Amino acid sequence: MPESKGTFRKEKLGEMYRTMVRIRRFEEMAQELFEKGGIIRGGIHVSAGQEACSVGVCSALNNEDAILTTHRGHGHSIAKGTRLPEMMAELFGKVTGLCHAKGGSMHIADVSKGHYGAHSIVGSNMPMAAGIGLAFQFNGRGQVAVPFFGDGASNQGAFHESMNLCAIWKLPVVFFCENNHFASSTRADYSTSVEDISTRAQGYGSPGITVDGMDVLAVHEAVAEAVKRARAGEGPTLIEAKTYRYYGHSRLDKKFGSYRDEAEWNKWKARDPLTVAEKLFGLTETEIEGHQAAVEKELAEAVAFAEASPEPEPEMALEDIFG
Amino acid sequence: MPNIKFSEAITEALREEMERDEKVFVMGEDVSTPSVSPLTAELAERFGTARVRNTPISELGFTGAAVGAAMAGYRPVLDMRLVDFTLVAMDPIANQAPKLRYMLGGQVSIPLVIRTPQGGGVQNGPTHGQALESWFMKIPGLKVAVPSDAADAKGLLKTAIRDDNPVIFTEYRSLYPSVGPVPEGDVAIPFGKAAVKREGSDITLIGVGSEVPHCLEAAEALASDGISAEVVDPRTISPLDTEGLAASVSKTGRCVVAEQGHLHGGVGAEIAAALQAMLFGSLKAPIERVAALNTPIPVQPKMEAFVLPSVEKITAAARKALDYA
Ligand SMILES: Cc1ncc(C[n+]2csc(CCOP(=O)(O)OP(=O)(O)O)c2C)c(N)n1
Ligand SMILES: [Mg+2]
């Protein structure tokens, strides 16, 4: 158990756990609604299984720090404090959605919470994170930018160019790679030249570390350390969290594609990040149930808000092209 | 003639060309996975995963690599999954492949095909639902095919693969399930030859890709009012068969050009400019255009439908051209 666990107040651990439950249930609900058809607009990519990453990272950040996420960004968004009803409304294609139903699941953003958007072109968020890091360096207020990205994205040129830029300019950026072992149906052990993606940091003279992505405290510790470096002007860190996605890649993909089997799935599920956290935090049955009940209520409210919200007028398609 | 799906026509063309020429190979993300890539996965089984090769998510890298392999004598066929992802690889697509032969004084050729599934109507949003053929048609040295039915898909893909130059081969995803008669045997369709998809005498509807079936439906709607519309498909927009298009419009004197890409700087602008120059005196009405409105493609279905072209919009444009005094 990480040494600093004792420094967490009980409430903070409780909030971390509750956020993980919130993400899990949001994803399960989104998937269920998606499968019903005609409710959720556009495709979705759910992140169940990866909750410890979202929460481990965002619990080490302040509201003024930035995240930039990916097509699989619900969890990161929720962990950064993105408003749930407006997020659900975005998935429902309602005018009250965070992006007024123009961006959908793959482009959730809540800039007021330091969430600079989900970016669905794989790899595209990393150069932008470098730029936000540059702005933060100019600001001089010690803010940090964190791009989330996948094992697949680590094979894009954008990743390598961004790492180098951040390294030479000592930008306050923490590259957080969720190695969930697959990019769509392509296994990371085929597509990626190294076993530990964190070793790629060496090429950019920056620290790289691999952590257990199913353990929220391990993730938190590593990110807190990297954030400290970044705030101190020491430049970027690459953190790789080994994790696993429970559902298929996206709407078309079944849970067990030709690229993985049930045995592998079960092996990871046995280290479910929620169960791991329950043990680590020493949560009682009653506490767990309390968190679950609170989350169910929040989600029911979010769904009710999304359902009750109107659809946009078609002409609204013409708004917000220029500012 | 057997009736097959547009998607099957693509697979057939790839299979036949791979059988005919061992230099042809396929590359792209997840191309050998059946659940993700039904069009190419069976080819992986048949020809092996060396010739039907999965790539990492490295569009710039593998597109550049394809240009290199083409220079060195192979005939790569890239599967870009979505045209939107070509934008990550624009240097090899726009700067290298189309210019190398020219820059090197004819010493090399680049027999490269880039298949670019594309198009909206499926709530994929601003970065996953675009139609970009008009971007590519303005690059000298690139050819651009835009098939609208199964027979053309097969015949044009064969020609694309045999061509010694880089070809963008656009596939509207909305057309994949459409079924049509496809001639058996080795039928390659030449580039730069428009096809009349329905004969008529009052007005010409020129459709690009996904809008050809929409034009055919619009023609049907107009026919119930006693109007005879001819539907013409350029099939390739670079080279563009201006003579073939003009032959129809000189007969009818009225014309609508419909495409799914954005209006501004679209294929229709090029076609309309060419037609007015060729037929100025014999046009009976200004050439009408139907295209996506000049906004990104929103996810929300009602907003998306508002932005994209449709049968109704084409029919309305045709009536406007017909009502012109
Ligand atoms: C430039 C680009 N290429 C391809 C895609 C299609 N695509 C969407 S997600 C994805 C896999 C991404 O894998 P990874 O980075 O590991 O993230 P994960 O899905 O595992 O969260 C692919 C290939 C895309 N959106 N953008
Ligand atoms: Mg992945």
>> Only one of A:288, A:239 is of a type in the set (Val, Ile, Thr) and more than 22 Å from the chain's Cα centre (by Cα). Can you tell me which?
In response: A:288
>> I'm checking my understanding of the structure. Among residues of segment A:247-274 that are surrounded by 17 or more Cβ atoms within 10 Å (Cβ to Cβ) and among the small types (Gly, Ala, Ser), which one is farthest from ligand 1 (Cβ to nearest atom)?
In response: A:257
> Residues A:60, A:48, A:30: which one is more than 14 Å from every other protein chain (Cβ to nearest Cβ), part of a loop (DSSP other than H, G, I, E, B), small (Gly, Ala, Ser) and over 18 Å from residue A:144 (Cα atoms)?
Replying inline: A:48
> Restricting the search to segment B:80-107, which residues are within 14 Å of another protein chain (Cβ to nearest Cβ) and not aliphatic (A, V, I, L, M)?
Replying inline: B:81, B:84, B:85, B:86, B:91, B:92
> Taking segment B:260-274, which residues are closer than 20 Å to residue B:127 by Cβ, more than 14 Å from chain A (Cβ to nearest Cβ) and in contact with a strand residue (DSSP E or B) (Cβ under 9 Å, 6 or more places away or on another chain)?
Replying inline: B:260, B:261, B:266
> Within segment B:166-206, can you find the residues that are within 13 Å of the chain's Cα centre (by Cα) and either part of a loop (DSSP other than H, G, I, E, B) or within 21 Å of residue B:225 (Cα to Cα) (or both)?
Replying inline: B:176, B:191, B:192, B:194
>> Give all pairs with beta carbons closer than 6 Å in which a residue from segment B:73-98 that is farther than 19 Å from residue B:41 by Cβ and assigned by TED's automatic domain parsing to the domain that holds residue B:62 meets a residue that is part of a loop (DSSP other than H, G, I, E, B) and within 11 Å of ligand 1 (Cβ to nearest atom); count only pairs at least 6 apart in sequence or on separate chains.
In response: B:84/B:127; B:84/B:128; B:86/B:80
> What single numbered condition from (1) part of a helix (DSSP H, G or I); (2) over 21 Å from the mean Cα position of the chain (by Cα); (3) crowded, with 23+ Cβ neighbours inside 10 Å fails to hold for residue B:222?
Replying inline: (3)
>> Could you check segment A:160-179 and list, in sequence order, the residues that are out of contact with any Leu (no Cβ under 9 Å at 6 or more places or on another chain) and within 13 Å of ligand 2 (Cβ to nearest atom)?
In response: A:178, A:179
> Applying the selection to segment A:309-323, what residues are in contact with a Lys or Arg (Cβ under 9 Å, 6 or more places away or on another chain) and part of a helix (DSSP H, G or I)?
Replying inline: A:314, A:316, A:317
> If residue B:289 passes every condition in (1) touching a helix residue (DSSP H, G or I) at 6+ places or on another chain (Cβ under 6 Å); (2) part of a helix (DSSP H, G or I) but one, which one does it miss?
Replying inline: (2)
> Of B:307, B:311, which residue is within 25 Å of residue A:37 (Cα to Cα), at pLDDT 95 or above and among the aliphatic types (A, V, I, L, M)?
Replying inline: B:307
> residue B:325 is checked against (1) at pLDDT 95 or above; (2) away from chain A (no Cβ under 14 Å); (3) surrounded by fewer than 24 Cβ atoms within 10 Å (Cβ to Cβ); (4) not in a helix (DSSP H, G or I) and fails just one. What number does that condition carry?
Replying inline: (1)
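Yes/no per residue for (1) away from ligand 2 (no atom under 16 Å from the Cβ); (2) farther than 23 Å from residue B:29 by Cα; (3) under 20 Å from the mean Cα position of the chain (by Cα); (4) buried (at least 24 other Cβ atoms within 10 Å of the Cβ):
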site: B:77; (1), (2), (3), (4): yes, no, yes, yes
site: B:87; (1), (2), (3), (4): yes, no, yes, no
site: B:96; (1), (2), (3), (4): yes, no, no, no
site: B:101; (1), (2), (3), (4): yes, yes, no, no
site: B:105; (1), (2), (3), (4): yes, yes, no, no
site: B:114; (1), (2), (3), (4): yes, no, yes, yes
site: B:117; (1), (2), (3), (4): yes, no, yes, no
site: B:132; (1), (2), (3), (4): yes, no, yes, no
site: B:138; (1), (2), (3), (4): yes, yes, yes, no
> If you check A:245, A:251, A:229, A:260, which single one turns out to be outside any helix (DSSP H, G or I), away from chain B (no Cβ under 14 Å) and not polar (S, T, N, Q)?
Replying inline: A:245
>> Which residue is farthest from ligand 1 (Cβ to nearest atom), if the candidates are limited to segment A:161-215 and must be in a strand (DSSP E or B) and among the polar types (S, T, N, Q)?
In response: A:210
> So which residues in segment A:114-154 are crowded, with 22+ Cβ neighbours inside 10 Å, more than 15 Å from ligand 2 (Cβ to nearest atom) and part of a helix (DSSP H, G or I), if there are any at all?
Replying inline: A:129, A:130, A:132, A:133, A:136
>> Just to verify a result, which residue in segment B:1-43, among those that are polar (S, T, N, Q) and over 20 Å from the mean Cα position of the chain (by Cα), is farthest from the other protein chains (Cβ to nearest Cβ)?
In response: B:3
>> Let me confirm something: among B:277, B:291, which residue is more than 11 Å from every other protein chain (Cβ to nearest Cβ) and touching a His at 6+ places or on another chain (Cβ under 7 Å)?
In response: B:291
> Residues A:78, A:67, A:40: which one is surrounded by 22 or more Cβ atoms within 10 Å (Cβ to Cβ) and assigned to a strand (DSSP E or B)?
Replying inline: A:67
> Where residues in segment B:294-318 are without any contact (Cβ under 8 Å) to a residue 40 or more places away in the chain and assigned to a loop (DSSP other than H, G, I, E, B), which of them is farthest from the other protein chains (Cβ to nearest Cβ)?
Replying inline: B:294
>> Against the condition within 14 Å of chain B (Cβ to nearest Cβ) and more than 16 Å from residue A:240 (Cβ to Cβ), how does residue A:172 come out, does it pass?
In response: no
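The values are calculated or read from the model by the stated rules, or taken from the named source; none is laboratory data. It should be emphasised that the depicted structure is a prediction, and the values quoted were computed from it without experimental measurement. Quick reminder, even Gly has a Cβ in these numbers, built from the backbone with ideal geometry, and neighbours come from all protein chains shown.
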